[in-house]
Amino acid sequence: MPAENGQSENGGVETRNEGAVATGTRDLVQMYREMVLIRTFEEACQRSFRQGKIGGYLHVYTGEEAVAVGFLNAYREGDRVITAYRDHPHALLLGAEPKEVMAELYGKRTGLVKGKGGSMHLFNVEHGLMGGYGIVGGHIPVGVGMAYALKYEQTDHIVQLFLGDGAMSQGAFHEAANLAGLWGKSEMCPCLFIVENNQYGMGTSVERTTAMTDLAAKFNSYGIENEKVDGMDLEAVLECAHQAVDRVRESGKPYAVEAVTYRIAPHGAADFFEKYRTKEEIQEWEERDPIKIVEKKLRDAGDLDDDKVEEIENETKQQVDEAVKFADESEPPPEEELYSDVYAGEDEYMGEE
(Lines give C-alpha, C1' and ligand atoms only; values in the text may rest on other atoms or scores of the structure.)
Protein backbone atom coordinates (compact mmCIF):
# COMPACT_ATOMS: atom_id res chain seq x y z
CA MET A 1 0.00 0.00 0.00
CA PRO A 2 1.19 3.57 -0.59
CA ALA A 3 3.00 5.21 2.28
CA GLU A 4 1.65 8.41 3.73
CA ASN A 5 2.30 11.40 1.56
CA GLY A 6 4.28 14.36 2.84
CA GLN A 7 4.93 17.94 1.85
CA SER A 8 7.96 18.21 -0.43
CA GLU A 9 10.11 21.16 -1.34
CA ASN A 10 9.00 21.30 -4.97
CA GLY A 11 6.37 23.97 -4.91
CA GLY A 12 3.96 22.40 -2.45
CA VAL A 13 3.22 19.21 -4.42
CA GLU A 14 2.34 16.38 -2.07
CA THR A 15 4.66 13.45 -2.66
CA ARG A 16 5.99 10.45 -0.81
CA ASN A 17 9.36 11.60 0.50
CA GLU A 18 12.00 10.94 3.15
CA GLY A 19 11.52 7.22 2.60
CA ALA A 20 13.54 4.67 4.49
CA VAL A 21 16.55 3.13 2.78
CA ALA A 22 15.18 0.28 0.68
CA THR A 23 18.53 -1.50 0.37
CA GLY A 24 21.83 -1.68 2.21
CA THR A 25 24.21 1.26 2.04
CA ARG A 26 26.57 -0.72 -0.17
CA ASP A 27 23.79 -1.01 -2.76
CA LEU A 28 22.97 2.67 -2.29
CA VAL A 29 26.59 3.57 -3.09
CA GLN A 30 26.31 1.47 -6.24
CA MET A 31 23.15 3.31 -7.23
CA TYR A 32 24.92 6.61 -6.57
CA ARG A 33 27.62 5.38 -8.96
CA GLU A 34 24.93 4.59 -11.56
CA MET A 35 23.50 8.09 -11.23
CA VAL A 36 26.94 9.65 -11.69
CA LEU A 37 27.54 7.46 -14.76
CA ILE A 38 24.23 8.56 -16.29
CA ARG A 39 25.00 12.24 -15.63
CA THR A 40 28.52 11.93 -17.06
CA PHE A 41 27.24 10.01 -20.10
CA GLU A 42 24.54 12.59 -20.81
CA GLU A 43 26.98 15.49 -20.52
CA ALA A 44 29.24 13.76 -23.06
CA CYS A 45 26.23 13.29 -25.36
CA GLN A 46 25.49 17.01 -25.19
CA ARG A 47 29.05 17.83 -26.20
CA SER A 48 29.07 15.31 -29.04
CA PHE A 49 25.78 16.63 -30.41
CA ARG A 50 27.06 20.19 -30.47
CA GLN A 51 30.22 18.96 -32.18
CA GLY A 52 28.06 17.52 -34.94
CA LYS A 53 28.94 13.91 -34.12
CA ILE A 54 25.41 12.87 -33.10
CA GLY A 55 22.77 13.26 -35.79
CA GLY A 56 19.03 13.49 -35.52
CA TYR A 57 17.97 14.81 -32.18
CA LEU A 58 19.01 14.30 -28.57
CA HIS A 59 17.16 14.43 -25.24
CA VAL A 60 19.10 13.87 -22.02
CA TYR A 61 18.00 12.78 -18.55
CA THR A 62 20.00 15.27 -16.49
CA GLY A 63 18.24 15.91 -13.18
CA GLU A 64 15.89 12.92 -13.43
CA GLU A 65 18.40 10.16 -12.60
CA ALA A 66 16.72 9.04 -9.37
CA VAL A 67 13.54 8.03 -11.21
CA ALA A 68 15.05 5.50 -13.62
CA VAL A 69 17.62 4.24 -11.10
CA GLY A 70 14.98 3.77 -8.41
CA PHE A 71 12.33 2.06 -10.50
CA LEU A 72 14.66 -0.16 -12.50
CA ASN A 73 16.18 -1.34 -9.23
CA ALA A 74 12.89 -3.20 -8.84
CA TYR A 75 13.15 -4.77 -12.32
CA ARG A 76 13.09 -8.57 -12.46
CA GLU A 77 14.39 -10.66 -15.35
CA GLY A 78 11.51 -11.34 -17.72
CA ASP A 79 9.82 -8.00 -17.04
CA ARG A 80 9.48 -5.46 -19.84
CA VAL A 81 10.41 -1.79 -19.90
CA ILE A 82 9.17 0.72 -22.47
CA THR A 83 9.77 4.46 -22.52
CA ALA A 84 9.80 7.55 -24.70
CA TYR A 85 12.74 9.40 -26.23
CA ARG A 86 14.67 10.27 -23.05
CA ASP A 87 15.84 6.66 -22.95
CA HIS A 88 19.65 6.49 -22.56
CA PRO A 89 19.64 5.71 -18.80
CA HIS A 90 17.07 2.95 -19.17
CA ALA A 91 19.31 1.17 -21.66
CA LEU A 92 22.39 1.58 -19.48
CA LEU A 93 20.65 0.43 -16.30
CA LEU A 94 19.23 -2.65 -17.99
CA GLY A 95 22.64 -3.89 -19.03
CA ALA A 96 23.69 -2.17 -22.27
CA GLU A 97 27.34 -1.17 -22.42
CA PRO A 98 28.05 2.58 -22.59
CA LYS A 99 30.12 1.90 -25.72
CA GLU A 100 27.22 0.38 -27.66
CA VAL A 101 24.78 3.05 -26.52
CA MET A 102 27.15 5.86 -27.52
CA ALA A 103 27.89 4.17 -30.83
CA GLU A 104 24.16 3.99 -31.49
CA LEU A 105 23.83 7.71 -30.88
CA TYR A 106 26.68 8.24 -33.34
CA GLY A 107 24.84 6.12 -35.92
CA LYS A 108 27.56 3.46 -36.06
CA ARG A 109 27.23 -0.24 -36.95
CA THR A 110 28.56 -1.21 -33.49
CA GLY A 111 25.60 0.53 -31.88
CA LEU A 112 22.86 -1.10 -29.85
CA VAL A 113 20.60 -1.38 -32.91
CA LYS A 114 23.27 -1.21 -35.61
CA GLY A 115 23.19 2.57 -35.86
CA LYS A 116 19.65 2.66 -37.23
CA GLY A 117 17.77 3.81 -34.15
CA GLY A 118 19.73 6.72 -32.77
CA SER A 119 19.07 8.53 -29.52
CA MET A 120 15.29 8.18 -29.48
CA HIS A 121 14.97 4.53 -30.48
CA LEU A 122 17.15 2.39 -28.23
CA PHE A 123 16.10 -1.25 -28.01
CA ASN A 124 17.63 -4.14 -26.07
CA VAL A 125 15.02 -6.90 -26.07
CA GLU A 126 17.42 -9.40 -24.51
CA HIS A 127 17.52 -7.25 -21.38
CA GLY A 128 13.86 -6.26 -21.38
CA LEU A 129 14.07 -2.85 -23.02
CA MET A 130 11.30 -2.82 -25.61
CA GLY A 131 12.22 0.55 -26.93
CA GLY A 132 12.45 4.22 -26.66
CA TYR A 133 9.88 5.93 -28.91
CA GLY A 134 10.00 9.31 -30.60
CA ILE A 135 6.26 9.85 -31.04
CA VAL A 136 4.91 11.48 -27.88
CA GLY A 137 2.52 9.03 -26.23
CA GLY A 138 2.79 6.56 -29.10
CA HIS A 139 4.40 3.87 -26.96
CA ILE A 140 1.71 3.87 -24.25
CA PRO A 141 -0.76 1.56 -26.06
CA VAL A 142 2.17 -0.73 -26.93
CA GLY A 143 3.17 -1.00 -23.26
CA VAL A 144 -0.38 -1.71 -22.13
CA GLY A 145 -0.71 -4.37 -24.82
CA MET A 146 2.52 -6.00 -23.68
CA ALA A 147 1.22 -6.13 -20.12
CA TYR A 148 -1.94 -7.91 -21.29
CA ALA A 149 0.18 -10.35 -23.32
CA LEU A 150 2.39 -11.19 -20.33
CA LYS A 151 -0.68 -12.07 -18.27
CA TYR A 152 -2.33 -13.92 -21.17
CA GLU A 153 0.79 -16.09 -21.35
CA GLN A 154 0.30 -16.83 -17.62
CA THR A 155 3.58 -15.28 -16.48
CA ASP A 156 4.14 -13.20 -13.36
CA HIS A 157 6.10 -10.55 -15.26
CA ILE A 158 5.10 -6.90 -15.46
CA VAL A 159 5.64 -3.87 -17.66
CA GLN A 160 7.27 -0.70 -16.38
CA LEU A 161 5.84 1.95 -18.69
CA PHE A 162 7.65 5.30 -18.44
CA LEU A 163 5.91 8.36 -19.90
CA GLY A 164 6.28 12.10 -19.67
CA ASP A 165 3.83 14.69 -18.40
CA GLY A 166 3.26 15.95 -21.96
CA ALA A 167 2.16 12.51 -23.15
CA MET A 168 -0.82 12.58 -20.79
CA SER A 169 -2.60 15.08 -23.01
CA GLN A 170 -2.41 12.76 -26.00
CA GLY A 171 -5.39 10.67 -27.03
CA ALA A 172 -3.24 7.53 -27.05
CA PHE A 173 -2.75 7.87 -23.30
CA HIS A 174 -6.45 8.07 -22.53
CA GLU A 175 -7.38 5.18 -24.81
CA ALA A 176 -4.64 2.98 -23.36
CA ALA A 177 -5.36 3.94 -19.75
CA ASN A 178 -9.03 3.13 -20.28
CA LEU A 179 -8.14 -0.33 -21.61
CA ALA A 180 -5.68 -0.87 -18.76
CA GLY A 181 -8.35 -0.04 -16.20
CA LEU A 182 -10.85 -2.29 -17.97
CA TRP A 183 -8.48 -5.24 -18.25
CA GLY A 184 -7.37 -4.64 -14.68
CA LYS A 185 -10.84 -5.56 -13.46
CA SER A 186 -10.11 -9.11 -14.54
CA GLU A 187 -6.48 -8.91 -13.32
CA MET A 188 -5.16 -9.00 -16.88
CA CYS A 189 -3.00 -5.86 -17.05
CA PRO A 190 0.16 -5.89 -14.88
CA CYS A 191 1.29 -2.46 -16.05
CA LEU A 192 3.05 0.09 -13.85
CA PHE A 193 2.63 3.58 -15.30
CA ILE A 194 5.56 5.80 -14.26
CA VAL A 195 4.89 9.44 -15.09
CA GLU A 196 8.17 11.34 -15.21
CA ASN A 197 6.72 14.77 -14.47
CA ASN A 198 9.69 17.03 -15.20
CA GLN A 199 7.42 20.10 -15.26
CA TYR A 200 7.64 20.81 -19.00
CA GLY A 201 6.52 19.26 -22.27
CA MET A 202 9.16 20.77 -24.53
CA GLY A 203 8.84 24.48 -23.72
CA THR A 204 5.35 24.38 -22.24
CA SER A 205 4.81 24.05 -18.51
CA VAL A 206 2.32 21.60 -17.03
CA GLU A 207 0.22 24.54 -15.83
CA ARG A 208 -0.18 25.77 -19.41
CA THR A 209 -0.88 22.31 -20.81
CA THR A 210 -3.64 20.85 -18.69
CA ALA A 211 -6.46 22.17 -16.53
CA MET A 212 -5.86 19.24 -14.16
CA THR A 213 -2.29 19.56 -12.92
CA ASP A 214 -2.55 16.64 -10.47
CA LEU A 215 -1.34 14.11 -13.01
CA ALA A 216 -1.58 11.09 -10.72
CA ALA A 217 -5.25 11.83 -10.09
CA LYS A 218 -6.00 11.61 -13.82
CA PHE A 219 -5.74 7.83 -13.50
CA ASN A 220 -8.77 7.86 -11.19
CA SER A 221 -10.97 8.33 -14.27
CA TYR A 222 -9.93 4.88 -15.43
CA GLY A 223 -10.14 3.06 -12.13
CA ILE A 224 -6.36 2.90 -11.74
CA GLU A 225 -5.03 3.49 -8.23
CA ASN A 226 -2.12 5.89 -8.01
CA GLU A 227 0.26 7.93 -5.88
CA LYS A 228 2.99 10.55 -6.13
CA VAL A 229 6.64 10.31 -5.18
CA ASP A 230 9.41 12.87 -4.79
CA GLY A 231 11.39 12.01 -7.91
CA MET A 232 14.46 13.90 -6.71
CA ASP A 233 14.94 11.65 -3.66
CA LEU A 234 16.40 8.25 -4.57
CA GLU A 235 15.44 6.63 -1.27
CA ALA A 236 11.83 7.76 -1.63
CA VAL A 237 11.72 6.46 -5.20
CA LEU A 238 13.21 3.11 -4.16
CA GLU A 239 10.63 2.56 -1.45
CA CYS A 240 7.80 3.55 -3.78
CA ALA A 241 9.12 1.51 -6.71
CA HIS A 242 9.51 -1.78 -4.86
CA GLN A 243 6.08 -1.52 -3.27
CA ALA A 244 4.42 -0.54 -6.55
CA VAL A 245 6.13 -3.30 -8.54
CA ASP A 246 5.18 -5.93 -5.95
CA ARG A 247 1.62 -4.65 -5.97
CA VAL A 248 1.27 -4.90 -9.75
CA ARG A 249 2.99 -8.29 -9.91
CA GLU A 250 0.76 -9.81 -7.22
CA SER A 251 -2.53 -8.28 -8.35
CA GLY A 252 -2.29 -8.32 -12.14
CA LYS A 253 -3.81 -4.84 -12.03
CA PRO A 254 -2.36 -1.57 -13.33
CA TYR A 255 -1.00 1.05 -10.95
CA ALA A 256 0.36 4.55 -11.54
CA VAL A 257 3.06 6.68 -9.93
CA GLU A 258 3.69 10.33 -10.70
CA ALA A 259 7.38 11.00 -10.02
CA VAL A 260 7.73 14.74 -9.51
CA THR A 261 11.12 15.63 -10.93
CA TYR A 262 12.84 18.29 -13.02
CA ARG A 263 15.07 18.29 -16.05
CA ILE A 264 17.98 20.53 -15.20
CA ALA A 265 19.18 20.39 -18.81
CA PRO A 266 17.27 21.95 -21.72
CA HIS A 267 14.49 19.96 -23.40
CA GLY A 268 16.80 18.90 -26.22
CA ALA A 269 20.39 19.51 -27.16
CA ALA A 270 19.35 22.20 -29.66
CA ASP A 271 17.28 24.06 -27.05
CA PHE A 272 19.81 26.83 -26.50
CA PHE A 273 17.82 29.77 -25.17
CA GLU A 274 15.18 28.32 -22.82
CA LYS A 275 13.10 31.50 -22.75
CA TYR A 276 10.18 29.58 -21.27
CA ARG A 277 11.74 29.30 -17.79
CA THR A 278 13.87 31.50 -15.57
CA LYS A 279 17.43 30.95 -14.38
CA GLU A 280 16.14 31.36 -10.82
CA GLU A 281 13.75 28.44 -11.28
CA ILE A 282 16.51 26.21 -12.61
CA GLN A 283 18.83 27.18 -9.75
CA GLU A 284 16.11 26.44 -7.20
CA TRP A 285 15.68 22.92 -8.56
CA GLU A 286 19.44 22.43 -8.88
CA GLU A 287 19.58 22.77 -5.10
CA ARG A 288 17.58 19.51 -5.04
CA ASP A 289 19.86 17.76 -7.52
CA PRO A 290 19.13 14.05 -6.91
CA ILE A 291 22.82 13.14 -7.04
CA LYS A 292 23.68 15.74 -4.42
CA ILE A 293 20.81 14.56 -2.19
CA VAL A 294 21.96 10.93 -2.09
CA GLU A 295 25.60 11.98 -1.85
CA LYS A 296 24.87 14.04 1.26
CA LYS A 297 22.97 11.15 2.87
CA LEU A 298 25.84 8.76 2.18
CA ARG A 299 28.39 11.25 3.50
CA ASP A 300 26.35 11.81 6.66
CA ALA A 301 26.18 8.04 7.16
CA GLY A 302 29.96 7.72 6.73
CA ASP A 303 29.66 5.63 3.57
CA LEU A 304 31.10 8.24 1.22
CA ASP A 305 33.96 10.72 1.50
CA ASP A 306 35.95 12.99 -0.81
CA ASP A 307 38.29 10.21 -1.91
CA LYS A 308 35.43 7.84 -2.76
CA VAL A 309 33.54 10.55 -4.65
CA GLU A 310 36.66 11.37 -6.66
CA GLU A 311 37.24 7.68 -7.37
CA ILE A 312 33.69 7.23 -8.66
CA GLU A 313 33.86 10.38 -10.78
CA ASN A 314 37.18 9.31 -12.32
CA GLU A 315 35.95 5.78 -13.04
CA THR A 316 32.75 6.94 -14.70
CA LYS A 317 34.63 9.57 -16.71
CA GLN A 318 37.00 6.89 -17.96
CA GLN A 319 34.04 4.68 -18.95
CA VAL A 320 32.40 7.49 -20.85
CA ASP A 321 35.65 8.63 -22.49
CA GLU A 322 36.18 5.07 -23.72
CA ALA A 323 32.61 5.00 -25.03
CA VAL A 324 33.14 8.23 -26.98
CA LYS A 325 36.44 6.94 -28.40
CA PHE A 326 34.77 3.66 -29.40
CA ALA A 327 31.93 5.51 -31.13
CA ASP A 328 34.35 7.86 -32.89
CA GLU A 329 36.42 4.98 -34.24
CA SER A 330 33.54 2.69 -35.24
CA GLU A 331 32.38 2.36 -38.83
CA PRO A 332 28.95 3.46 -40.07
CA PRO A 333 26.58 0.68 -41.14
CA PRO A 334 26.97 -0.56 -44.74
CA GLU A 335 24.29 0.35 -47.29
CA GLU A 336 22.80 -3.16 -47.26
CA GLU A 337 21.73 -2.57 -43.66
CA LEU A 338 18.95 -0.41 -45.10
CA TYR A 339 17.17 -3.64 -46.02
CA SER A 340 17.79 -5.71 -42.88
CA ASP A 341 15.42 -5.88 -39.90
CA VAL A 342 12.63 -4.27 -41.92
CA TYR A 343 10.47 -7.36 -42.42
CA ALA A 344 10.41 -10.53 -40.35
CA GLY A 345 10.36 -14.10 -41.58
CA GLU A 346 10.73 -15.60 -45.03
CA ASP A 347 9.48 -12.50 -46.81
CA GLU A 348 12.32 -10.32 -45.51
CA TYR A 349 13.77 -8.34 -48.40
CA MET A 350 17.55 -8.61 -48.49
CA GLY A 351 18.23 -6.35 -51.45
CA GLU A 352 18.73 -7.04 -55.13
CA GLU A 353 19.75 -10.56 -56.05
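General remarks:
- For the chain, the membrane-span-like helix rule (DSSP H, alpha carbon extent of at least 30 Å along the helix axis, mean Kyte-Doolittle at least -1.0) picks out 25-50; this says nothing about an actual membrane.
- When exposed loop sites are taken as chymotrypsin sites (Phe, Trp or Tyr not before Pro) in a DSSP loop with at most 12 other Cβ atoms within 10 Å, the longest stretch of the chain clear of them is 1-271.
- For region 92-144, convex hull of alpha carbons as volume per residue, Å³: 74 Å³
- ASP341 accessible area, 1.4 Å probe, all protein chains in place, Å² to nearest 10: 100 Å²
- Here each label is just a point 7 Å from Cα along the line to Cβ, and for ASP321 and GLU335 those points are 3.9 nm apart.
- Cα-derived Rg to Rh of region 174-320, Kirkwood definition: 1.05
- For region 147-202, diffusion coefficient by Stokes-Einstein and Kirkwood Rh (Cα), 25 °C, 0.890 mPa s, µm²/s: 202 µm²/s
- Computed with a 1.4 Å probe over protein heavy atoms only, the accessible surface of region 236-353 comes to 60 Å² per residue.
- Ligands, DNA and RNA are left out, and with a 1.4 angstrom probe the accessible area of region 120-176 is 41 Å² per residue.
- When the solvent-accessible area of region 89-170 is split by element, carbon and sulfur atoms take up 52 percent of it, the probe being 1.4 Å.
- Cβ-defined net charge surrounding ARG247, 11 Å radius [Lys, Arg +1; Asp, Glu -1]: -2
- With the simple spin-label model, which puts each label point 7 Å out from Cα in the Cβ direction, the ALA270 to GLN283 separation comes to 3.1 nm.
- For the chain, dividing the convex hull volume of the Cα atoms by the residue count gives 142 Å³ per residue.
- Considering helices alone, the calculated mean residue ellipticity of the chain at 222 nm is -12500 deg cm²/dmol, with DSSP H runs of length four and up weighted by -39500 (n - 2.57) and normalised per residue.
- Put simply, the Cα atoms of region 264-321 extend 41, 29, 12 Å along their principal axes, the longest span coming first.
The values are calculated or read from the model by the stated rules, or taken from the named source; none is laboratory data. None of the values given here were measured: they were computed from a predicted structure. Every residue, glycine among them, receives a Cβ derived from its backbone with ideal geometry; neighbour counts consider all protein chains shown. When the accessible area is computed, the model is the full protein with side chains, heavy atoms only, and any ligands, DNA or RNA have been set aside. Shrake-Rupley method; radii C 1.70, N 1.55, O 1.52, S 1.80 Å.
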